[in-house]
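Enquirer: Sharing a structure with you now.
The values are calculated or read from the model by the stated rules, or taken from the named source; none is laboratory data. Everything numeric in this text was worked out from a predicted model, so none of it was measured. Ideal geometry is used to build each Cβ from the backbone, glycine not excepted, and the neighbour counts take in all protein chains shown. These accessible areas exclude ligands, DNA and RNA; they are computed on the full protein's heavy atoms, side chains included. Shrake-Rupley method; radii C 1.70, N 1.55, O 1.52, S 1.80 Å.
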Amino acid sequence: MKPFAYTRTTERGAAIQTVGSDQTAKFIAGGTNLLDLMKDNVEQPDRLVDISRLELVGIEEREGGVRLGALARNSDTANHPLVRQRYPLISQAILAGASAQLRNMATNGGNLMQRTRCYYFYDTVTPCNKREPGTGCGALEGYNRIHAIFGANEQCIATHPSDMCVALVALDAIVQVEGPQGQRSIPISEFHRLPGDTPQIDTNLRRDELITAIDLPAASTVFAPRSYYLKLRDRTSYAFALVSVAAALDIQGGKIRQARVAMGGVAHKPWRLVEAEKILTGAPATAATFQQAAEVTMREARGYEHNRFKIEMGKRAIMQALTTVADGGVA
């Protein structure tokens, strides 16, 4: 591992100023992803700014919704009464991701900042535009079983690894950030980026901005009685999703009043199923409706040599998740 300087701060402004003045500095809190990247020489910061002692750990009611502190641990978030009662989809997604030990260390803000688990990204002797722009994408002609089927291009076909973020996208969460220019709000749907011509840039967060909170809107509490996070993976223990689905429905009298559906493991960012939601809204909560929504979604999918199975898997996962929700389940 490359040697680095270490700074600990208890003041938000000081942390932002330190990172802003050092182009190679990075924030660190739980470190569950960043330290692995440093050990593999994928990330090589000259300075780490420890923000774990900032007062950003609260989880509290706000304007009828809930504000999640950026430094609240994933385990505390998943088990908090307000989250479990009003946004069970968030609890399910967090508990489906990582081991208990990692959830006890990982923070909410860090979860948003996870980097892909693409084999070629981690292997520094292979080409990877995300790790080293301009070198190519080793996964295109390589072993691409875990890779994207939506939103990818010749630059990068990696997927975003988070489970929590998929549920956040489905529930229209807002990310609160602070930097040298002040505070701003970023809709979670706009927080992560598709590869485009800059696959090395994962998010729309500026380098010197700090995530301070995640707001769960009051309007999304309507989905509390009917929501479900389905995660399909190679093993039921700690593993990243091949395909996941966050589904939430508001059903009255057998008809769907509102629908929220997002997928993970299929794109460079959590993938919101906008067309599926249009089909579901106002339609009867039946198997035929769910099948139509799934088929329309997967028409745009593009598989590669080793991951074409994800297209059929995704279709079945959408139908299973929606069926579970319609049957009254919060898993």
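Enquirer: Rank Leu242, Leu194 by accessible area, highest first, at a 1.4 Å probe radius?
Expert: Correct descending sequence by accessible area is Leu194, Leu242.
Enquirer: Which of Leu68, Leu82, Thr18 sits closest to the plus end of the dipole of the chain, meaning its Cα is farthest towards the positive end, when Lys and Arg get +1 and Asp and Glu get -1 on the C-beta?
Expert: Toward the positive end, the furthest listed residue is Leu82.
Enquirer: Show Thr281, Thr10, Thr126, Thr116 ordered by accessible area, largest first, where the area counts protein heavy atoms only and the probe is 1.4 Å.
Expert: Thr10, Thr281, Thr126, Thr116
Enquirer: Determine the calculated [θ] at 222 nm for the chain from helices alone, applying -39500 (n - 2.57) to every DSSP H run no shorter than 4 residues and normalising by the residue count; nearest 500 deg cm²/dmol.
Expert: So the calculated ellipticity at 222 nm is -8000 deg cm²/dmol.
Enquirer: Taking the full set of protein chains and a 1.4 angstrom probe, give the accessible area of Thr324 in square angstrom, rounded to the nearest 10.
Expert: 40
Enquirer: Cα centroids of segment 286-325 and segment 73-119: how far apart, whole angstrom?
Expert: Each part's Cα centre sits 25 Å from the other's.
Enquirer: In square angstrom, what is the accessible area per residue of segment 47-185 with a 1.4 angstrom probe?
Expert: Per residue, segment 47-185 has an accessible area of 39 Å².
Enquirer: Accessible area per residue of segment 246-323 at 1.4 Å probe, in Å²?
Expert: Dividing the accessible area of segment 246-323 by its residue count gives 44 Å².
Enquirer: Using the charge dipole of the chain (Lys, Arg: +1 at Cβ; Asp, Glu: -1 at Cβ; taken about the Cα centre), state which of Pro180, Ile51, Gly151 has its Cα farthest towards the positive end.
Expert: Gly151
Enquirer: Could you please put Met263, Met105, Met313 in sequence from largest to smallest accessible area, using a 1.4 Å probe?
Expert: Met105, Met313, Met263
Enquirer: What does the accessible area of Glu305 come to, in Å² to the nearest 10, when a probe of 1.4 Å is used?
Expert: 120
Enquirer: Then there's this: Given +1 on the Cβ of Lys and Arg, -1 on the Cβ of Asp and Glu, and no further charges, what dipole in debye does segment 8-78 carry about its Cα centre, rounded to the nearest 20?
Expert: For segment 8-78, the charge dipole is close to 100 debye.
Enquirer: Same structure, new question: How much accessible area does His80 have with a 1.4 Å probe, in Å² rounded to the nearest 10?
Expert: Surface accessible to solvent at His80 totals approximately 50 Å².
Enquirer: Leaving out ligands, DNA and RNA, and with a 1.4 Å probe, what % of the accessible surface on the chain is carbon or sulfur?
Expert: For the chain, the apolar C and S fraction of the accessible surface comes to 47 percent.
Enquirer: Distance check, please: which entries in Lys255/Lys315; Lys130/Lys269; Lys39/Lys231; Lys26/Lys231; Lys255/Lys310; Lys269/Lys315 exceed 25 angstrom between their Cα atoms?
Expert: Lys39/Lys231; Lys26/Lys231; Lys255/Lys310
Enquirer: Just how large is the dipole of the chain about the Cα centre, in debye to the nearest 20, putting +1 at every Lys and Arg Cβ and -1 at every Asp and Glu Cβ?
Expert: Roughly 580 debye, rounded to the nearest 20.
Enquirer: Assigning unit charges at the beta carbon (Lys, Arg +1; Asp, Glu -1) and nothing else, what dipole magnitude in debye, to the nearest 20, does segment 237-331 show about its Cα centre?
Expert: 140
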